[in-house]
Every structure is written in structure tokens, then in C-alpha cells.
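Novice: The structure follows.
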Amino acid sequence: MEEKRHINIQYDNELREVKDSLIYLGALTEKAIEGGINALLNRDTEMARQVISNDNLIDRLDVEIEEKCIRLLALRQPAAKDLRFIATAIKINGHLERIGDMAVNIAEKAIILNNEPKLKPYIDLPRMAEVARGMIKESLDALVNEDVALADKVRKDDEIIDNLNEQIFRELLTFMMEDQHTIHRALIISQISKLLERVSDHAESIADMVIYMVTGKSVRHTYPADSREN
Amino acid sequence: MRSRLFYKIFATYLVIMILTLGITGVLLSSGIRKEEAGRTKDEILSLARIMSMMSEAEISRKVSSLAGTSRTRITLIDRSGTVIADSAANPKNMENHLNRVEIQEALIKGEGAAIHFSRTLGVDMLYVALPLRDGAEIKGYLRLARPLLAVDAVIKKLVESIYHTIFIIIVFSLLIAFIFSWRLMSPIRKIADSTRRVRRGEIPGTLLMNSRDEIGQLAQDINYMVMELQEKIRLAKEGEGKLEAAFAGMTEGVIILDREDRIETVNRSMDAILCNRYGPILNKTPLDAFRNVALHDALKRFKKERAPVLQEITMEGAPSLILDVNISTVTDMTGGKDKTIMVFHDVTRLKRLETIRTDFVANVTHEIRTPLTAIIGFAETLQQGAFDNPETARRFLRTIRENAERLNRLVDDLLTLSGLELGEAKLHLEGIRIEDALDQVLAVVEARAAEKGLTIRKEIAGELPLIRADLDRLAQILINILDNAIKFTPAGGTIAISTSPGEEDCLTVRISDTGVGIPKGELPRLGERFYRADKTRSREPGGTGLGLSIVKHLMMAHGGRVIIDSTLGHGTTVSLYFPVFRESK
């Protein structure tokens, strides 16, 4: 009995460790996205470099979490919800790592833009970054608190991002049509906007996985109700 | 508990009583038997003695009548043991009696007695035998026997009465056990009740016990114990109260983590610092609650090094917080295991002031150096020969003069500002019609606005009260604001000026433009000297970067205030609140 209890405590600790590591990774990626966007907004090339160099921390944590999960699967043979959690954790881990890579891409593009004169004051891009960052945070909140309602909200927020992305693209188009010298910069900004849109897609996938983990129902590739009907 | 003790006492009493009674009964019955047997023996022995005086033949003849009168069985046995006559059975069927105990005894001792079971009659019989002598020679034996029926009857009665007594004793034992257990239990129950109440945290009264026995002593001890316990609890509570007060009263935010590294306690200052931006944080790990990488890293470092860690962290949000966190251990007095305590010091304001100061120094040097570089550069060029070309020389001299003027303006502004900050600026306050002031100012700026293709709209709402202001300073304020509006509004835009009487004896002047706007996050820093919302924008020629700062301070000197509101990309609204002029003042 004592022995069994002991093992359970250890097992619980291991599960908690995975959860904590995921939150930590989430916080890191959130910070990376913020850093990338701030590097762009404040024309801070130093910060962009820092985001790029910090990415190997994210990569290392990614490998670490995956190893932890696989070890748990092999040694503890979890069942039911724990199993779903670990399977979810492995996938979420991958998504977060990809978000980290996108932060690096944004930072790289910020460096290029910082070497050129400013095209226009950024209005929608910071808003987009803010929403995307919120989505990462909320999707992880949903994971930790097993909050299906919050996960649903994240899924719906994706629409805001899509709209902003389109809006930015239309605006850039007018710049490009007016003055062909702006094309290079406008394209890079458009790419950054697209990167943020993909970040939000990853956050949405995390939310999907959370819903799967809690309810056991897969909602992937279905759209939240009362959105995207048209 | 009560019933068990009751049964114990009951069983003990019962066993003792029954054992006593049983032993008495057994002893008594054997005593009675012996007594009765002795008496019967003496009686029939004397009968036998009388009969033995008769001749053998006579006895054998009158055996039945003798038996009848003496209520005994009479047996006549000859020397060899053969039964000659018997009052109860046919002597021919009877075996040889020489080996019987009583006969042998009679042969040896002269008389014999024995009790044994008579198969002939089926009862315990007392046998007495005497030898019949002819001189010294034994001719035969006379044996008399009587059943011990009377003895048995007595004993039976005795046993019966013992049974009755046992029944009565059971009833009495029950009663006694009940009384004893109740008497024993009632103080114990009182004590138990009292200790249970102590355990529940209530305060029981003193236990009153009259008895001086062990139970009374126990009650006394418990009284002392409860008293001491209460004193200890009081001391602990007092200590806790002091700690709680210190904990709540300190200005630093404190978070205590339990052994599982979950947030266990948060003090009031911490709540105030966090301003509820993270929702409920209790029972979460700091990482989970704050999602702050720097804090988590600091905590990890602390766990690894086991030495206090001091770290500056930034908590994102609007506005973001800069906190100094000090992580160390507290020893839990009860458990003995260490907990982690994190003390947060809000240095946001300090950091901001520090930034303002360093920014100011950097900016002021920059602002001074730019015109100086130009002056030095152009002067050098003139020295190196440009002086000879009158056209160029004139242009250069004009530039030098412009820059010197700019430097002069900068110094003037700085002096104004420091004068305002030190409260040395003397304001000549009088009642002023805001319309007059606006007209005067618009005359100055209108040309510049028209040049940029901007429309200035003025909406004055009817009759307005006079405001209390210094006319020159008021003009300075308005020019500054309008200058900014013109500067940051693209061609074709509109600047609207409206006035309205505000609440509480103040008058509001609102100046809105359709310019580029200011990001929300920058609004609080606008009043800072040399602060630029858009760092990438190069300084417009002529601006000293002190305009808004001066406006802010002037408004404060007037007893009014400035509120700037802006939407990025849509424009900025500056609201100036002036106090209304009163004749009496």
C-alpha cells in the first residue's frame, strides 16, 4: 500500500512536471512573439537578435518535454484522461515550438525592416500581435484549467486575426499601387501579418486539443458555431 | 463505553457471588450429610446394641417386626458371611457379606459403619454392623441399615434455596453494577465531555469534582492542562496577530509558496500591486499564475542554489509592472520543512523616474549638441574661406543665427520649466475671456495652418464665464497645443476648438485634430521633457521637445489640468480644464 502510494505521488509529480514545462514553454513563446513584434514596432534590432538567440531554449525545451511524455507513456502506461493529456501535451508541444520558430521569422523580418525607412505607422499589426499572444495564453490557460469555454473563445478569436490579416493586406496593396518603392517593405510586412495569422492557427489547434483532452471529442477541422458561415 | 464498564462490573459481581455461594453450598451440604449420617449412625448403633442382646434365633425369628419398629433394615449374618435372615430381602438370594466394609470393621474394631448404595433398595444406605459374640468367640453379625433419604431431602432443599438466592443475587448484582458504574462513570463522563470540548476548540469551564480520589486528581490535572493550553493558544494567536498585522501592513508584496510550490498566502500589498490582473492566483504555481518566464527562472535558480535570489522582473500588461523580487526560505515552525517566500518590491515608478532622468540628460545633450554642431560647422566653413563668398556667407550666417536662436529658445524653455517646477514662476492672474485669448492665438497660428492646408474650426458655446489665468501664459499654452495639432495633422485635416462650461467651477477648452494620433501606451509619458511618442520621427525644426511639458506645468500652476486622449490613426483631443474667475479672489 505504502509502495503504491509512493509510486502514485511520483507519477503525479511527473505529470505535473510535464504540465509546468508546457506552461513554461508557452510563456517563452508568448515572450518571443512579443519580443519579435516589439523589435519591429520600436525598430529595436538588438531585441530581434535576442529573440533569435533565445529560440534554442525553446527548441531544447521542446525536445525535453517530448522525452518526458514518451518516458511517461512507456513506464507508467497511463490510461483514460492521463493518456489523453500526454498525447495532447506532445501535440501542443509541437505547436508551441512552431510558434517559437515564427517569432524568430518575425524577428528576422524586423531586422530587415529596421534597416529601411519606416513605411507607415503600425496600427493593426500590434493589435494582431496582441490578439495572437492572448490566444496562446488563453489556450494554455484552458489546458491547465481544463476550461472548454475558454478553448472555445480561442477558437472564435481566430476570426478576428483573419479579418485583421485581410485588412492589413488591403492597406498594403494601396501603398504598393501608389509607390513601387514601397513594394519590398510592404511584402515583408504582409509576411509578418501572415506569420501572426499562422501563430493564431497554432493557438487554435492547441485549443482544439484541449477540448479533445477534456471531453474526449475531436473538434479539429470543424468551425466554431456562428462564425465563418459566410 | 458506559455499557461495557457496566457489564464488567456486573460480571465481576456475579462471578464473585456465585462462587461464594457455590462453595458455601458444597461445604454446607457435605457438612449436613456428615452430621446427619453421624446422628443416624449413633441412633441405629444403639438400636443394634439393644438387639444384639437378644439371641440369634430370636432375632432371626422377629426380624420383620424388629425392622418395623426400628424403621431399619435388619440383616443377620453368620460367622462365614452367609445371610441368615434379612428384613428386606430373601436371604437365599443374597451373596456372602463377609467382605462388606461394615462387617470387616465390626470384626476388627467391634463395631462397623459404612455408607454405600444398596442395590437391593436403590438408595444410599447407612450400614451399621455389630458382632454377635458368645463369650469371646464371634458367632455372627447383626447389621442394621437405614436409608439416608432425610439427608438427601435436606440437601435438596438447600440447593433449591441456593438457586433462589442466585436469582436474587443476579438482580442485586445488576442493581449494584448499575449504581457503581453510574457513580464511576459520571465523573469520567464529565471529564470526557470536557476534553472533547477542548478538542473541538471550545473553552470548557473548570471541572468541578468533589472527590479527592484518583478521578478527582485527574480532573484537577485536566483543569491545569486546559488552562495551560488556553494560555498557549492565546500566545500563539497573539503572535499570529502581530505577524498578520506586519504581513498585511508592509508595503512590499509577499507571496508564500507551500512545499508543492503552490501559492499559499498573498498579502494585501501584493494584491494591490497586482491589481487583480491575474485573477485568482491561490493554489497555483507562480508560473501558472503569472506566466512570467523571468520569475520562473529566478525561482528555479533559487531552488538550485538554495540561496536568496534577487531579481528584477517585468510583468506585462497595461501598464506593465517592474518588480524587484527577493526569493528566500521561511522555516515552517510546525512542520519543520522550509517554504519559499517571495517579497516583491514595486519599482515601476522608480524605474520610470530613472528612465525619465537618463532620457532627459541624453535628450538635453542631444538637443543642445544639434544646433551647436551646426553653429560650429558653419563657423568653421566660414573661416576656411566661405567668408569670401558674400552670398554663401550670408546664408551661413543666417543658419548660424537660426541655430543660436534655437539654442536660446531651448535654454529659455528649460529655464521656464525649472522655474515652474520650483514654483518660482509668478503668474499674473486675472479674469480673462477665453474667446479673446483664442482670437489672439489664432491670429498667430492661422497662417501656418493655412500653409499646410488645414481648416481650423472654432465653436464657442454662448456666454462663458471668465477664467482665472495669466494672459501671456495662457497664450503660450494654447500656441503650444495648436502648434502640435498643426504639426501632426496631415494636409487637408481639421482642427476643432470647442469650449464648454465644465462641472465644479471650471471651463473646458477642447482642441481636437484629425492627425496621426498617439498609441495608448505612450499617453502617460507625454508630459515628460523631450519625450517623443514616435521615436523614429526626426525632430521638427524649431521644436524644443519641451512644449507639452511646459503646458502641463503651466496648467498645474493655473490650478487646472490637461487630459490628452487619442486614437491611433484617428486623431488626438487635448482637453484643458481652467478654473473659473471669481471676483472675490
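Novice: Out of the residues in segment A:204-220 meeting the condition of being closer than 17 Å to A:Leu25 by Cα and not hydroxyl-bearing (Ser, Thr, Tyr), tell me which one is surrounded by the fewest Cβ atoms within 10 Å (Cβ to Cβ).
Specialist: A:Glu204
Novice: While we're looking at this one, here's another question. Give B:Lys300, B:Lys339, B:Lys304, B:Lys351 a once-over and let me know the one that is within 14 Å of chain A (Cβ to nearest Cβ) and within 43 Å of the chain's Cα centre (by Cα).
Specialist: Numbers: B:Lys339 fails: within 14 Å of chain A (Cβ to nearest Cβ); B:Lys304 fails: within 14 Å of chain A (Cβ to nearest Cβ); B:Lys351 fails: within 14 Å of chain A (Cβ to nearest Cβ).
The match here is B:Lys300.
Novice: Whether any residue in segment B:307-324 is at positive phi and surrounded by 15 or more Cβ atoms within 10 Å (Cβ to Cβ) is what I want to check.
Specialist: There is no residue in segment B:307-324 that is at positive phi and surrounded by 15 or more Cβ atoms within 10 Å (Cβ to Cβ).
Novice: Limited to segment A:39-61, what total is found for residues that are modelled with pLDDT under 90 and among the polar types (S, T, N, Q)?
Specialist: 1
Novice: Okay, moving on. Give me the residue from segment A:87-103 that is among the aliphatic types (A, V, I, L, M) and surrounded by fewer than 21 Cβ atoms within 10 Å (Cβ to Cβ) and, out of that set, farthest from A:Leu22 (Cα to Cα). Walk me through it before giving the result.
Specialist: Taking segment A:87-103 and keeping what is among the aliphatic types (A, V, I, L, M), we get A:87, A:89-90, A:92, A:96, A:99, A:102-103.
Next, only the ones that are surrounded by fewer than 21 Cβ atoms within 10 Å (Cβ to Cβ) stay: A:87, A:90.
Numbers: A:Ala87: 13, A:Ile90: 10 Å.
Among those residues, the one meeting the criterion is A:Ala87.
Novice: Yes or no: segment A:136-144 includes at least one residue that is within 13 Å of chain B (Cβ to nearest Cβ), assigned to a helix (DSSP H, G or I) and among the hydroxyl-bearing types (Ser, Thr, Tyr).
Specialist: yes
Novice: May I ask you to list the residues in segment B:272-286 that are touching a residue at least 12 places away in the same chain (Cβ under 8 Å) and either within 14 Å of chain A (Cβ to nearest Cβ) or surrounded by fewer than 19 Cβ atoms within 10 Å (Cβ to Cβ) (or both)? Working first, answer last.
Specialist: Quick first cut of segment B:272-286, residues touching a residue at least 12 places away in the same chain (Cβ under 8 Å) only: B:272-274, B:277-278, B:281-286.
B:Ala272, B:Arg277, B:Tyr278, B:Ile281, B:Leu282, B:Asn283, B:Lys284, B:Thr285, B:Pro286 - these are the residues of segment B:272-286 that are touching a residue at least 12 places away in the same chain (Cβ under 8 Å) and either within 14 Å of chain A (Cβ to nearest Cβ) or surrounded by fewer than 19 Cβ atoms within 10 Å (Cβ to Cβ) (or both).
Novice: Shifting gears a bit: Is there a residue being under 18 Å from B:His116 (Cβ atoms) and loosely packed, with under 12 Cβ neighbours inside 10 Å anywhere in segment B:22-33? It would help to see each step written out before you state the result.
Specialist: The first filter runs over segment B:22-33 and keeps only residues under 18 Å from B:His116 (Cβ atoms), leaving B:30, B:33.
This time we only want the ones that are loosely packed, with under 12 Cβ neighbours inside 10 Å, so: B:30.
Yes, that holds for at least one residue.
Novice: Next question. Have a look at A:Lys194, A:Lys153 and point out the one that is farther than 25 Å from A:Ala80 by Cα, in a helix (DSSP H, G or I), in contact with an Asp or Glu (Cβ under 7 Å, 6 or more places away or on another chain) and touching a residue at least 12 places away in the same chain (Cβ under 8 Å).
Specialist: Working: A:Lys194 fails: in contact with an Asp or Glu (Cβ under 7 Å, 6 or more places away or on another chain).
Going through A:Lys194, A:Lys153 in turn, the sole match is A:Lys153.
Novice: Hey, among the residues in segment B:241-263 that are of a type outside the set (A, V, I, L, M, F, W, C) and loosely packed, with under 12 Cβ neighbours inside 10 Å, which one's farthest from B:Ile203 (Cα to Cα)? Quick ask: steps written out before the conclusion?
Specialist: Going residue by residue through segment B:241-263, those that are of a type outside the set (A, V, I, L, M, F, W, C) are B:241-242, B:244, B:249, B:251-253, B:258-262.
This time we only want the ones that are loosely packed, with under 12 Cβ neighbours inside 10 Å, so: B:241-242, B:249, B:251, B:260.
Details: B:Gly241: 20, B:Lys242: 23, B:Gly249: 31, B:Thr251: 37, B:Glu260: 35 Å.
Selected residue: B:Thr251.
Novice: Out of A:Asp141, A:Asp152, A:Asp201, I need the residue that is in contact with a Pro (Cβ under 9 Å, 6 or more places away or on another chain) and surrounded by 13 or more Cβ atoms within 10 Å (Cβ to Cβ). Which one? I'd like the intermediate steps shown before the answer.
Specialist: Details: A:Asp141 fails: in contact with a Pro (Cβ under 9 Å, 6 or more places away or on another chain); A:Asp201 fails: in contact with a Pro (Cβ under 9 Å, 6 or more places away or on another chain).
Going through A:Asp141, A:Asp152, A:Asp201 in turn, just one is in contact with a Pro (Cβ under 9 Å, 6 or more places away or on another chain) and surrounded by 13 or more Cβ atoms within 10 Å (Cβ to Cβ): A:Asp152.
Novice: I'm trying to understand the selection: among the residues of segment B:387-414, which are without any contact (Cβ under 8 Å) to a residue 60 or more places away in the chain and under 30 Å from B:Ala425 (Cβ atoms)?
Specialist: Those that are without any contact (Cβ under 8 Å) to a residue 60 or more places away in the chain and under 30 Å from B:Ala425 (Cβ atoms): B:Arg401, B:Glu402, B:Asn403, B:Ala404, B:Glu405, B:Leu407, B:Asn408, B:Val411, B:Asp412.
Novice: So which residues in segment A:121-135 are within 9 Å of chain B (Cβ to nearest Cβ) and without any contact (Cβ under 8 Å) to a residue 24 or more places away in the chain, if there are any at all?
Specialist: Correct list: A:Pro121, A:Ile123.
Novice: For segment B:454-463, check the following and say yes or no: at least one residue is free of Cβ contacts under 8 Å to residues at least 12 places away in the same chain, loosely packed, with under 14 Cβ neighbours inside 10 Å and within 24 Å of B:Lys552 (Cβ to Cβ). Show your work before the answer.
Specialist: Our first condition is that a residue be free of Cβ contacts under 8 Å to residues at least 12 places away in the same chain; within segment B:454-463, this holds for B:462-463.
Narrowing the set further to residues that are loosely packed, with under 14 Cβ neighbours inside 10 Å leaves B:462-463.
Right, trim to within 24 Å of B:Lys552 (Cβ to Cβ) and you get none.
No - not one qualifying residue is present in segment B:454-463.
Novice: Looking only at segment A:121-135, filter to residues that are in a helix (DSSP H, G or I) and among the hydrophobic types (A, V, I, L, M, F, W, C); which one of those is surrounded by the most Cβ atoms within 10 Å (Cβ to Cβ)?
Specialist: Going residue by residue through segment A:121-135, those that are in a helix (DSSP H, G or I) are A:124-135.
Still in the list and also among the hydrophobic types (A, V, I, L, M, F, W, C): A:125, A:128-129, A:131-132, A:135.
On the way: A:Leu125: 20, A:Met128: 25, A:Ala129: 25, A:Val131: 18, A:Ala132: 30, A:Met135: 27.
Only one residue tops the list, namely A:Ala132.
Novice: Mind telling me which of the residues B:Glu252, B:Glu244, B:Glu240 ends up being under 30 Å from B:Asp324 (Cα atoms), within 16 Å of the chain's Cα centre (by Cα) and modelled with pLDDT of 85 or more?
Specialist: So the residue among B:Glu252, B:Glu244, B:Glu240 that is under 30 Å from B:Asp324 (Cα atoms), within 16 Å of the chain's Cα centre (by Cα) and modelled with pLDDT of 85 or more is B:Glu240.
Novice: In addition: Please go through segment A:63-84 and pick out each residue that is buried (at least 20 other Cβ atoms within 10 Å of the Cβ) and of a type outside the set (Lys, Arg).
Specialist: Passing the criteria: A:Ile65, A:Cys69, A:Leu72.
Novice: Just give me the residues in segment B:424-446 being of a type in the set (A, V, I, L, M, F, W, C), under 19 Å from B:His558 (Cα atoms) and not in a loop (DSSP other than H, G, I, E, B), in sequence order.
Specialist: B:Ile432, B:Ile434, B:Ala437, B:Leu438, B:Val441
Novice: Does A:Ile183 satisfy the criteria of being β-branched (Val, Ile, Thr) and surrounded by 21 or more Cβ atoms within 10 Å (Cβ to Cβ)?
Specialist: Against the criterion (β-branched (Val, Ile, Thr) and surrounded by 21 or more Cβ atoms within 10 Å (Cβ to Cβ)), A:Ile183 does not qualify.
Novice: Got a sec? Which of B:Glu391, B:Glu421, B:Glu405 is under 19 Å from B:Val361 (Cβ atoms) and of a type in the set (Asp, Glu)?
Specialist: Exactly one residue qualifies, and that residue is B:Glu421.
Novice: Something else about it: Restricting attention to segment B:406-439, which residues are of a type in the set (Val, Ile, Thr) and in contact with a helix residue (DSSP H, G or I) (Cβ under 8 Å, 6 or more places away or on another chain)?
Specialist: Within segment B:406-439, B:Thr416, B:Ile432 qualify.
Novice: In segment B:269-297, how many are under 19 Å from the mean Cα position of the chain (by Cα) and of a type in the set (D, E, K, R)?
Specialist: Counting residues in segment B:269-297 that are under 19 Å from the mean Cα position of the chain (by Cα) and of a type in the set (D, E, K, R) gives 1.
The values are calculated or read from the model by the stated rules, or taken from the named source; none is laboratory data. Computed from a prediction, not measured in an experiment: that's the story for all the values here. Ideal geometry is used to build each Cβ from the backbone, glycine not excepted, and the neighbour counts take in all protein chains shown.
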